[in-house]
Every structure is written in structure tokens, then in C-alpha cells.
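Notes to accompany the following structure.
The values are calculated or read from the model by the stated rules, or taken from the named source; none is laboratory data. Everything numeric in this text was worked out from a predicted model, so none of it was measured. All Cβ positions, glycine included, derive from the backbone under ideal geometry; neighbour counts span all protein chains shown. These accessible areas exclude ligands, DNA and RNA; they are computed on the full protein's heavy atoms, side chains included. Shrake-Rupley method; radii C 1.70, N 1.55, O 1.52, S 1.80 Å.
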Amino acid sequence: MSQFTTKSRVLIGLTLFSMFFGAGNLIFPPYLGNLAGDNIVPAMAGFAITAVAAPILGVIAVAISGGLDTLAGRVSKGFAFLFTLLIYLSIGPMLAIPRTASTSFEMAVTPFIKDVVENPLFMNFTMGEITQFIYSVGFFALAFVLALNPEKLTQRLGKITGPGLLTLITVLFISTLVNPVGEIGAAQAPFIQGSFLQGFIDGYQTMDTLAALNFGLIIAMNVRALGATSTGQVVSETIKAGFVAGFLLIAVYVVLAYMGAQAGGAGLGGDNGAQTLSGLANVSFGALGNIVLGAMFFIACLNTCVGLFSCCSNYFRTILPSVSYRGWLVVFAVVSTIVSNMGLTMILKVSIPILLAIYPMALVLIVLGLMHNYVPMNRLTYPLTIAFTAAVSIVGALAYAKLPLGPLPEYVSMLPLAGKDLPWVVPALVGFALSFALSPFCPCKAKEAK
């Protein structure tokens, strides 16, 4: 058994942080700080639960369960396959991977070609469209190369790109400390009342809880590459990496939210987190502001893209082993290039309802996984709890897609916490309690997936 040093653990934790921390993680905290103003503390406390605690607990739940297939398989084999497939499609080619290129292009390239972006150039394609295509090809080609050896991500994300991103954020933060752009202002809607719960809901948008259910596999590969031999040591070191990543995430989120609160007080908030950071960077660095901000978004998006390439390719190789890991990387690189240049409006229409359906199930599954070894569950606990959760979350997702559901959405809106966008919480608790009420008729323990 290899003895891991503190340096090795920090390196693995940095790798996991880099995989988590994409464009959304850069955008949401500063905008939260901008709107929350003097209610920033409770808002950030709520945000930290769903954007930091839930993802890290997800890594831990999957690690101690022996993989997402095993954890989800406690519901049923069919559920495990469909649930896992939907997660990988959501964080992969349907939304997250193409978005890494399109978002980084908007932040890193568009500011420098905005004067000619609509100029016709070739066969009715504009300068912006042609430049975006060239950029996306180069972006995904670089991500492809970095993802070729997923067990070596600690040498790339952990040692190079992750620290580079943290350095840029630190530089921007120090500049706002030395030369504050303004005072923290009053809270704005929707953070005037219920700021904690609003922050809790906003944390969903990072999508990190879904990613956490899959990143554990890649981290485990890197733990083994650094010398871990036993399953117990791999699980232990994966969990420790989760805590390191969690510490880094909350530290960076607090810094970004604080800067956003300053920007809001100075009237630099804008309509989203990207505009908030852009205003800060331009005030702090002048003409260099766009370069600093562009570099931050490029690195953040590249790190996440590499992580998603790796975990998605590993997963789909298990479904269709006739295509190699490298072959799946090629598929995702090509598909992502096409989708990122087609625009994400259509993809969002499909993927957002899927996220609304599976996110509550992911949260409940994580909680059940963490309780598994401490609560005497029976074989109905997982199926009933997830079924009650799914019944509500799926109705909400279909209603968002504007599908005809009769009176069902109205019934869901009458559930406790529905006004807080959490209508699934009480049904999940009911399903959990019902499984114990039925335990005399079903005494067998929760089964493990084979």
C-alpha cells in the first residue's frame, strides 16, 4: 500500500476542483453577490449546500457505494441504466460539453472581434460564425489531447491549469481589496426575503451534483496511478480529494460573491455574472481586463471539458465496448463541435426538462447512499423513495416543457415547499417513511446491484 503525502492529496483535490469548476461556477456566485448585497451571508450559506456540499457528498456516496451503477442499482437495474444514461447525456453532448466551447468563445474571443462579428465573409457566414467554428475545433482538439490519458489528469489539471485558474481569480480578488470598486449595497429581488432558500435553489445551476456522480471514477483512476493498490485506500483517498475540492470551491465562491457584491454596490452588476466580472475586470485592469477575464473563462471551460470528455468516454465504452475510449473521445469532440456551432437554444429546450426531472432524484440518491450503512433499510426503501421523488419531479419537468398534463401540475403546486421550487421533498420523505411502515412485509435488506 502506497503512503500518500499531503502534496499528493492536494494535487488530486485540485484535479477534482478543476473538473468541477467551469464557466457556470464563475458566473453564478458573482451574480448572487450582486443581487444578495447585504444578505450575502445567508444567500451564500444556501448556495454552499447545493453547489459545494451536495457535489462533495455525491463523490463520497459514489465512492463508498462502489460506483454509480451500484448506488442507482439499489433502486432497480432498469433505473440504474436509464438514470445514469440521462446524467451522462445531460453533462455531456446534450448540454455541458458544447457549452464549454460556446461560453469560452463568448468571453475570450467575442470582445476582441465585436466590431466585425456580423460582417459577411464567406457563403453568407459571418465573421463571428467562422471564427467560432475555428475556435471550437481548436478548443475541442486541445481538450481531446488532454483527455487521452485520464489517469494523468493530476499532472495536467492538478499541476497546471487548476493552479493557473486560481491564480487569475486571486489576482482579480486582490485588486478589489487594494482598490475597492464600491461598498456592498442593499439586497435586491429575489434576495430581499428568503435569501438562504434562494441561494439554495441557485446552487442547482452549477450542475455539479450530477457531475459528482461521475467524476469519482476519474479521480479513482488518478488515485491508482499515484500508487493506491487496495479498494479501501482508493475510496479513502477519493473522499479526501473531495474534501480538498470542497474547501477550494467554497473559498473561491466566497471570493467571487464578495466581488459581485462590491460590483453591485458600484453599479457594475449587469444582467448576469459574466457582465459583473467583466465590469470588475475592466475597472481593475483597464484594457487588460478582457484578457484576464478571457483567460479565466478559457481555463475554467477547458478543465471542465476535459473532465467531462474523460468520464463520458469511459461510461459509453462500457455500453458499447466495440468503440474504444479514444474512439468515444473522437465522437464527443466531433458532436460537440457541431452542437456548439448550431447554438444551444434547441439543446436547452430538451436538456433543461431532463435536468429538472433527474436533479431531485440525484440529491435523494446521494442522501440514501450516505445513510446506507447506518440505517437498516429494506429492499423497498430505495425504490419507494425514488418513485415518490420521481413522480413529482417528472411532472414538473413535463410541465416546464409545456406538455399537456391535465390537472397534475396544479396538484403538484399544492404540495408543501412547491412555492420554493422544492415540491419533491415531502413526497420523498413520505416514500422513505412508507418503506419502513411496510418493512414487516418486506424484511429483506436493500439489495446491492450485481
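If you go through segment 184-205 and keep only what is β-branched (Val, Ile, Thr) and assigned to a helix (DSSP H, G or I), you end up with just 201.
Looking across segment 216-271, the residues that are aliphatic (A, V, I, L, M), over 30 Å from residue 3 (Cβ atoms) and either buried (at least 23 other Cβ atoms within 10 Å of the Cβ) or at pLDDT below 90 (or both) come down to 256, 257, 259, 261, 263, 266, 268. Residues in segment 20-36 that are within 13 Å of residue 206 (Cβ to Cβ), open to solvent by 10 Å² or more (accessible area, probe 1.4 Å) and not β-branched (Val, Ile, Thr): 23, 24, 28, 31.
Just name the residue that is nearest to the chain's Cα centre (by Cα) out of those in segment 53-95 that are in a helix (DSSP H, G or I) and polar (S, T, N, Q).
90
Filtered by the rule that a residue be open to solvent by less than 50 Å² (accessible area, probe 1.4 Å) and in a loop (DSSP other than H, G, I, E, B), segment 356-391 gives 372, 375, 377. Scanning segment 252-297 for residues that are part of a helix (DSSP H, G or I), under 11 Å from residue 29 (Cα atoms) and of a type outside the set (Phe, Trp, Tyr) returns 252, 254, 255, 256, 257, 259, 260, 261, 273, 274, 276, 277. Restricted to segment 185-209, and to residues there that are over 21 Å from residue 360 (Cα atoms) and crowded, with 19+ Cβ neighbours inside 10 Å, the residue that is farthest from the chain's Cα centre (by Cα) is 185. Residue-level analysis places residue 322 among those that are outside any helix (DSSP H, G or I), surrounded by fewer than 23 Cβ atoms within 10 Å (Cβ to Cβ) and out of contact with any Cys (no Cβ under 6 Å at 6 or more places or on another chain). For segment 406-427, a residue qualifies if it is part of a loop (DSSP other than H, G, I, E, B), modelled with pLDDT of 90 or more and under 24 Å from residue 382 (Cβ atoms), and the qualifying residues are 415, 416, 423, 424. Looking across segment 1-19, the residues that are among the hydroxyl-bearing types (Ser, Thr, Tyr) and open to solvent by 10 Å² or more (accessible area, probe 1.4 Å) come down to 2, 5, 6, 8. Test residue 227 against the stated conditions and say whether it is outside any loop (DSSP other than H, G, I, E, B), more than 23 Å from residue 99 (Cβ to Cβ) and of a type outside the set (A, V, I, L, M). Answer is no for this residue. Would you check if residue 105 is open to solvent by 10 Å² or more (accessible area, probe 1.4 Å), farther than 21 Å from residue 204 by Cβ and in a helix (DSSP H, G or I)? Judged against the criteria, residue 105 is not a match. Criterion applied to 336, 313, 340, 351 was being more than 24 Å from residue 49 (Cβ to Cβ), open to solvent by less than 10 Å² (accessible area, probe 1.4 Å), at pLDDT below 90 and part of a helix (DSSP H, G or I), and the one residue passing it is 340.
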